[in-house]
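K.L.:
Quick one: structure below, then a few questions.
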Amino acid sequence: MHYDAIVIGGSYAGLAAATQLARARRRVLVVDAGQRRNRFATHSHGFLTQDGTPAADIAARGREQLMAYPTVEWRQGKVTAARQAGQGFRIEVEGSGEKQEAIEARRLVLATGVIDHLPEVPGLAERWGRHVFHCPYCHGYELNQGRLGALGVSPLSMHVALMLPDWGRATFFLNGAFEPDAEQLAQLQARGVALERGLIARIEGAMDIVMRDGRTITQDGLFTLSRVEVASPVAAQLGCEFEDGPLGRTIKTDTMKATTVPGVYACGDAARQGGSLPLAVGDGTMAGAATHQSLIFGGH
């Protein structure tokens, strides 16, 4: 079966990319494994016209609108392999209870997302997306200027700690990750950030941080950085270059979201450091348009 483009990943970036191709009346297949990165969050914030909308509803509505285009097909499953084949590409898809199937297309769009590797604090992962967050722009306002913690995982956590006072009463839990120098201590003091040097034993209740010395420090929300890993091996299999960043490795792209492999585009969290729903949609829109133009004009 042959398509103009296969979009691997059917979350926000993939939906946006596929929509541009569909509107150009190109034959598109979207393959999705059903693992949105923000599936743990109940609501999305900061996305124009959708502020406060359940995240799952935005994804569902996007898919419904995409599938109204007659040239689009959707395949639920996991892409297990990809390689160049002639003038295009061949992928292998493993679906639920189905045998693996080979499918070909002239172009590929990688919107695979990332896996978050969270700090190893007992109780933290269970609260991810509900009381523990990665982005104050996405979730800070709803915490109503309450007690906000920044969990130290590296010196980069200083950035998060210094931002938090704009959203609430901030405490920086160093948790043995690093020790601020004199200049950093002065910055924290100037911003009114309280410093907690004790080690965290676990998190209980809604957001009760139990310290190893027996104290309990209750917060309304905790912000931390995760290490990210591209959620699919496909980019590596195709020979795409990656970039090392402060949060992990992501797929290298140019301003048009083209990877280093001609004919392969990448968008969303797998192809940028840091991410949000609005940024994913913007990236996907660019990738879809660039993919379409490459089908006409050739080149990368």
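No lab work stands behind these numbers, since they all come straight from the coordinates. Since this is a predicted model, take the numbers as computed values, not measurements. Quick reminder, even Gly has a Cβ in these numbers, built from the backbone with ideal geometry, and neighbours come from all protein chains shown.
K.L.:
From Cα pairs below 8 angstrom and at least 6 apart in sequence, can you work out the relative contact order of the stretch 1-57, rounded to a whole percent?
P.N.:
29 percent
K.L.:
Out of the DSSP beta bridges found with both residues in the stretch 1-143, what percent are antiparallel (nearest 5)? Don't skip to the answer; put the middle values down first.
P.N.:
On the way: 13 of 29 bridges.
Antiparallel bridges make up about 45 percent of those DSSP assigns within the stretch 1-143.
K.L.:
What shape does the stretch 19-132 take by its C-alpha gyration tensor, where a ≥ b ≥ c are the square roots of the eigenvalues and a/c under 1.5 counts as rounded, a/b above b/c as prolate, and the rest as oblate?
P.N.:
oblate
K.L.:
Oh, and also: Quick test of your reading: applying the under-4.7 Å Cβ rule, which cysteines of the chain are isolated?
P.N.:
Taking the Cβ cut-off of 4.7 Å, the unpaired cysteines of the chain are Cys240, Cys267.
K.L.:
Sticking with this structure for a sec: If exposed means no more than 13 neighbouring beta carbons inside 10 Å and the site is in a DSSP loop, what's the longest run of the chain without any exposed GluC sites (Glu not before Pro)?
P.N.:
The longest uninterrupted stretch comes out as 121-240.
K.L.:
In the stretch 119-223, what % of DSSP beta bridges are antiparallel (nearest 5)?
P.N.:
Antiparallel bridges make up about 35 percent of those DSSP assigns within the stretch 119-223.
K.L.:
Kindly identify the stretch 193-269 as rounded, prolate or oblate by the Cα gyration tensor criterion: order the square roots of the eigenvalues as a ≥ b ≥ c, call it rounded if a/c is under 1.5, otherwise compare a/b with b/c, prolate if a/b is larger, else oblate.
P.N.:
Prolate.
K.L.:
Expressed as a rounded percentage, what relative contact order does the chain have, with Cα pairs under 8 Å and six or more residues apart? Before the final figure, lay out each step's value.
P.N.:
On the way: 668 pairs, mean separation 65.2, N = 300.
It comes to 22 percent, rounded to a whole number.
K.L.:
Moving to a separate point now. What nm value, rounded to one decimal, do you get for the distance between Ile115 and Arg215 when each label is placed 7 Å out toward the C-beta?
P.N.:
With each label point 7 Å from Cα toward Cβ, the separation is 3.6 nm.
K.L.:
On to the next question. Between Gln237 and Thr53, what FRET efficiency follows from the Cβ-Cβ distance if R0 is 35 Å, with the result rounded to 0.05?
P.N.:
Efficiency computed from Cβ-Cβ geometry: 0.50.
K.L.:
Taking the Cβ of each residue in Asp208, Asp181, Asp116 as the centre, tally the other Cβ atoms inside 10 Å and list the residues starting with the fewest.
P.N.:
Fewest-to-most Cβ neighbours within 10 Å comes out as Asp181, Asp208, Asp116.
K.L.:
For the chain, what does -39500 (n - 2.57) per DSSP helix run (n ≥ 4), summed and divided by total residues, give at 222 nm, in deg cm²/dmol to the nearest 500? All intermediate terms of the calculation are to be shown ahead of the outcome.
P.N.:
Numbers: 7 runs with 70 residues, N = 300.
It lands at -7000 deg cm²/dmol.
K.L.:
Taking R0 as 41 Å, what's the FRET efficiency between Gln187 and His2 from their Cβ-Cβ distance, rounded to 0.05?
P.N.:
Efficiency computed from Cβ-Cβ geometry: 0.10.
K.L.:
For the stretch 119-223, what's the relative contact order in percent, using C-alpha pairs closer than 8 Å and at least 6 residues apart?
P.N.:
32 percent
K.L.:
Right, next: For the pair Arg25/Phe297, report the inter-label distance in nm, with labels modelled 7 Å from Cα in the Cβ direction.
P.N.:
Taking the simple label geometry, Arg25 and Phe297 are separated by 2.1 nm.
K.L.:
On to the next question. Does the stretch 119-223 come out rounded, prolate or oblate, given a ≥ b ≥ c as the square roots of the eigenvalues of its C-alpha gyration tensor, rounded meaning a/c under 1.5 and, failing that, prolate meaning a/b above b/c?
P.N.:
Oblate.
K.L.:
Okay, moving on. Once fully extended, how much extra length lies between Glu126 and Glu94, figured as 0.36 nm per residue of separation less the alpha-carbon to alpha-carbon distance? The partial results should precede the final answer.
P.N.:
Details: separation 32, 0.36 × 32 = 11.52 nm, distance 2.90 nm.
Value of the extension gain: 8.6 nm.
K.L.:
Continuing with the same structure: Compare the Cα positions of Phe242, Leu162, Ala194 along the charge dipole of the chain (+1 at Cβ of Lys, Arg; -1 at Cβ of Asp, Glu; about the Cα centre) and return the one farthest towards the positive end.
P.N.:
In the chain, that residue is Phe242.
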